[in-house]
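A.B. asks: Have a look at the structure that comes next, please.
The values are calculated or read from the model by the stated rules, or taken from the named source; none is laboratory data. What you see is a predicted model; the values in this text were computed from it and never measured. All Cβ positions, even for glycine, are placed from backbone atoms using ideal geometry, and neighbour counts span all protein chains on display. Areas reflect the complete protein model, heavy atoms only, side chains present, ligands, DNA and RNA absent. Shrake-Rupley method; radii C 1.70, N 1.55, O 1.52, S 1.80 Å.
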Amino acid sequence: MPKQLIIDGQPFEAEDGITLLQACEQAGVEIPRFCYHERLSIAGNCRMCLVEVQGSPKPVASCAMGVNDLPPNRDGAPKQIMTRTPMVKKAREGVMEFLLINHPLDCPICDQGGECDLQDQAMAFGGGGSRYEENKRAVEEKHLGPLIKTAMTRCIQCTRCVRFMTEVAGVEELGAIGRGEDMEITTYLERGMMSEMSANVVDLCPVGALTHRPWAFNARPWELRKTETIDVMDAVGSAIRVDARGAEVMRILPRNNDAVNEEWISDKTRHVADGLRTQRLDQPYVRRNGKLEPASWDEALAAAGARLKSAPPARIGAIAGDLVAAEEMFALSDLMGRLGVANLDCRKDGTKLDPSLGRASYVFNATIEGIERADAILLIGTNPRLEAAVLNSRIRKRWRQGSAAVGLKVGLVGVATDLGYPYEHLGAGPQTLAEIANGKHAFAKTLADAKYPLVIVGQAAARRPDGHIVLSAAARIALTASKDKNMGAAAFNVLHTAAARTGGLDLGFVPGGTGALDAAGMIAAAGAGNLDVLYLLGADEIEPAKLGGAFVIYQGSHGDAGAHRADVILPGAAYTEKAATYVNTEGRAQITRKAAFAPGAAKDDWTIVRALSEHAGHKLSYDTVEALRKAMYAKAPRLARLASAGEEDVAGVEKLAGAGGAMTGEPFGAAVTDYYLTNPIARASAIMAELSAIKHSAAARPAAAE
């Protein structure tokens, strides 16, 4: 029941179970803190959050005292909490003085300057001078890998970084050694941290002890132009803030979105920024005499348009890549439809998802936030730690919240790996899946007994030749497990790896009609000489040798494999350089914001398709992005419902479950083999290349026991 308090003379009704610090914050009273963080366990290290409690002989650490722990007054009156008394002021000044005894005067050269909690709170709650003249202690720097720069002399031992790595990232690589003045935060065995979430510790550090190595000494925060946008490095759709100076993206930081990424982002999302500056396509090219040569926009568009006009529609194909936004996919689909082309596909990895069955058959129906309600999860052909690191942290969060009675049980069918939480490895492939679907496996009962079971299917399972049958078996398992539990479609969940995939399926960017070719069919037809023109819209992970003599039009932002094979290159914008719609794995439509301008002559991708349509003889009817979106929303109304997810009709899952069929015996593989090099921007990043090399080197190096 609510607790009655009086905070700084004002009556307040506090929620049951919260801390004094949270109660004061809800009452509008600012409480300074260093060690406390609302998403981490309570440590009570720094003592900066001291308040005065009526009847207490000394100040109380408000982060560690719950409102339910307060003893009642003898007369039954509400307890009084005072945060502005002389006792509190003196206590906070004393704590701050102790924290600054050994802290170096590094502010002019510290990357945390301007964003430092210690700076801010020393000004607001500290004293006006120092009484100490003794030498300050010095601490040896620690090696935490290529992403994190350390200055451990600045460390105030708040242990936020230790708690994050242990509790959220699930990698116990940081800890404390020594006692008292000799206490230090360090890694075990003096090696770098290799978690996919490790760089979040820099955001958590309240001082300058941990800063970002890749952008060290590059800029001050007040010099940067800040833009709130969306990440596309995976299909989670994390909320991010892009900081740019001039035309250059300097850094990428997380934004809070409790429904998606909370306040965490993956290391790839954060440190891929240097890939936005290198290997960029900044002007059109046309292949002449076997060599790509710079060309004007009119020349490039005329060459591409002439080929599209002259080729028979059945001998033209279009493939959309993993980082493509909905606007350009819609525009290209519209153009191809006017040309009579039915060979379209946004599933270049061969995944067997079918939008005709309904939206519930290809999205994460439970939503990312819904993972916290699950008590049993079946993972099929997926490694969420590499495919969606932030989503995987939600599963770990749910596991940590569990008790003996309602703990989370996780089963995995696929490649056994370290996910950061315990699970039962049920088997390697379809045979185990069939046993669960037929109720002959023990985990089938686990799912049936669960109050909120989830089945999560990864792309390694869905992209197999028998992927549609695997998906059907997973849908049957989900429907059986959720029977009579009022879950709707939430039990069945598809985990995508590509930011563009859900939007492409929503728009129907798939083969249209009988005989139309999918991505694999188009590539095979091109290699056999049966396809005259292939339009690659940001599609890069295709072997150039397989395209034969087809005329290739490549539209994208980076000079990756697709551009090397192209006959015409149309330079587009990266995700930080356009306002565009992306739909994440749970079907949540979100719009990015332009944080910087595209380099050189590169343009917004939908405008390129619009200009090409005139040269192809079928001018598209929209000249503004507003007009395009109006037409796009008419075709896919779900895209207009921004930021909403988890409301799909279970009929889509029921149709998928009814497909049936026999699966092959081949075990499930891995959808992501190199986490750091999954797309053209990441492959252009020197930081990602370094991390990939370190990861492979660590995997090849035997441990001492071996």
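A.B. asks: Give me the dipole magnitude in Debye, nearest 20, for the stretch 348-422 about the Cα centre, with unit charges on the beta carbon: positive for Lys and Arg, negative for Asp and Glu.
C.D. replies: 160 debye
A.B. asks: How high is the FRET efficiency between Leu642 and Asp182 when r is their beta carbon distance and R₀ equals 45 Å, given to the nearest 0.05?
C.D. replies: 0.25
A.B. asks: Which of the peptides 273-283, 426-436 is most tightly packed, and how do the rest follow, judged by the mean count of other Cβ atoms within 10 Å per residue?
C.D. replies: For the peptides 273-283, 426-436, the packing ranking is 426-436, 273-283.
A.B. asks: So, taking all protein chains as they sit and a 1.4 Å probe, how much accessible area belongs to Glu38, in Å² rounded to tens?
C.D. replies: 110 Å²
A.B. asks: Now for a different question. If you take every residue apart from Pro146 with its C-beta less than 9 Å away from the C-beta of Pro146, what net charge results, scoring Lys and Arg +1 and Asp and Glu -1?
C.D. replies: With Lys, Arg at +1 and Asp, Glu at -1, the neighbours total 0.
A.B. asks: On full extension of the chain, what length is gained from Ile694 through Glu369, given 0.36 nm per residue of separation minus the C-alpha to C-alpha distance?
C.D. replies: 113.7 nm
A.B. asks: Given a 1.4 angstrom probe, I'd like the percentage of the accessible area of the stretch 438-516 that is carbon and sulfur, rounded to a whole number.
C.D. replies: Solvent-exposed carbon and sulfur of the stretch 438-516 make up 51 percent of the total.
A.B. asks: Computing the accessible area with a 1.4 Å probe over protein heavy atoms, can you report the carbon and sulfur percentage for the stretch 190-340?
C.D. replies: 46 percent
A.B. asks: If you take the alpha carbon radius of gyration of the stretch 222-282 and divide it by 2.2 N^0.38 Å, what ratio comes out, to two decimals?
C.D. replies: So the stretch 222-282 has a normalised radius of gyration of 1.13.
A.B. asks: Can you give the FRET efficiency to the nearest 0.05 for Ser41 and Asp349, using r as the Cβ-Cβ distance and R₀ = 45 Å?
C.D. replies: The value I calculate is 0.70.
A.B. asks: Quick one: helix 686-700 against the long Cα principal axis of the chain, what's the angle to the nearest 10°, folded into 0 to 90?
C.D. replies: Helix 686-700 sits roughly 80 degrees off the main axis of the chain.
A.B. asks: I've got another one for you. Label-point separation (nm) for Gln54 and Ala259, each offset 7 Å from Cα along Cα-to-Cβ?
C.D. replies: Placing both labels 7 Å beyond Cα along the Cβ direction yields 4.2 nm.
A.B. asks: With axes computed from alpha carbons, what is the tilt in degrees of helix 86-100 against the longest principal axis of the chain, rounded to the nearest 10 within 0 to 90?
C.D. replies: With rounding to tens, the tilt is 60 degrees.
A.B. asks: Now a separate question. May I ask which residue of Gly180, Pro214, Ala693 lies farthest towards the positive end of the charge dipole of the chain, with charges of +1 (Lys, Arg) and -1 (Asp, Glu) on Cβ and the Cα centre as origin?
C.D. replies: Ala693
A.B. asks: Could I ask something else about it? Using a 1.4 angstrom probe, figure out how much accessible area the stretch 207-287 has per residue, in square angstrom, rounded to the nearest whole.
C.D. replies: 33 Å²
A.B. asks: So what is the orientation-averaged projected area of the chain, using the convex hull of its C-alpha atoms, in nm²?
C.D. replies: Reported value for the Cα convex hull: 35.0 nm².
A.B. asks: Another question, then. Can you sort Tyr452, Tyr188, Tyr554 by solvent-accessible area, 1.4 Å probe, largest first?
C.D. replies: Tyr188, Tyr452, Tyr554
A.B. asks: Using Cα positions and a limit of under 27 Å, work out the lysines in reach of Lys485, with same-chain residues fewer than 8 apart set aside.
C.D. replies: Lys397, Lys409, Lys440, Lys445, Lys451, Lys655
A.B. asks: Which stretch or stretches of the stretch 639-679 have amide N atoms under 19 Å from the point lying 7 Å from Lys483's Cα along the Cα→Cβ direction?
C.D. replies: In the stretch 639-679, the label zone of Lys483 (backbone N under 19 Å from the point 7 Å along Cα→Cβ) covers 650-661.
A.B. asks: For the stretch 568-706, with all protein chains present and a 1.4 Å probe, just round the carbon and sulfur fraction of the accessible area to a whole percent.
C.D. replies: Within the stretch 568-706, the accessible surface is 56 percent carbon and sulfur.
A.B. asks: Starting from the Cα-Cα distance between Asn68 and Ser621, subtract it from 0.36 nm times their residue separation and give me the gain in nm to one decimal.
C.D. replies: Taking 0.36 nm per residue and subtracting the Cα distance, the gain is 192.7 nm.
A.B. asks: Then there's this: Net charge around Ala478, counting only other residues with Cβ within less than 12 Å of its Cβ (Lys, Arg = +1; Asp, Glu = -1)?
C.D. replies: With Lys, Arg at +1 and Asp, Glu at -1, the neighbours total +2.
A.B. asks: Next up: Express the accessible area of the stretch 559-691 per residue in Å², computed with a 1.4 Å probe while the remaining protein chains stay in the model.
C.D. replies: 39 Å²
A.B. asks: Right, here's the next one. Could you work out how far apart the two model spin labels at Arg225 and Asn135 are, taking each label as a point 7 Å from the Cα in the direction of the beta carbon, and quote it in nm?
C.D. replies: 4.9 nm
A.B. asks: Something else about it: By how many degrees, 0 to 90 and rounded to 10, does the Cα axis of helix 297-310 deviate from the longest principal axis of the chain?
C.D. replies: Taking the Cα atoms of the chain, the angle to 297-310 is about 50 degrees.
A.B. asks: Counting heavy atoms of the protein chains only and a 1.4 Å probe, report the per residue accessible area for the stretch 55-187 as a whole number of Å².
C.D. replies: 55 Å²
A.B. asks: Let me ask something additional. Of Leu281, Thr624, Met96, which is farthest along the charge dipole of the chain in the positive direction, counting Lys and Arg as +1 and Asp and Glu as -1 at C-beta?
C.D. replies: My answer, from the dipole projection, is Thr624.
A.B. asks: With +1 on each Lys and Arg Cβ and -1 on each Asp and Glu Cβ, how big is the dipole of the chain about its Cα centre, in debye rounded to the nearest 20?
C.D. replies: 600 debye
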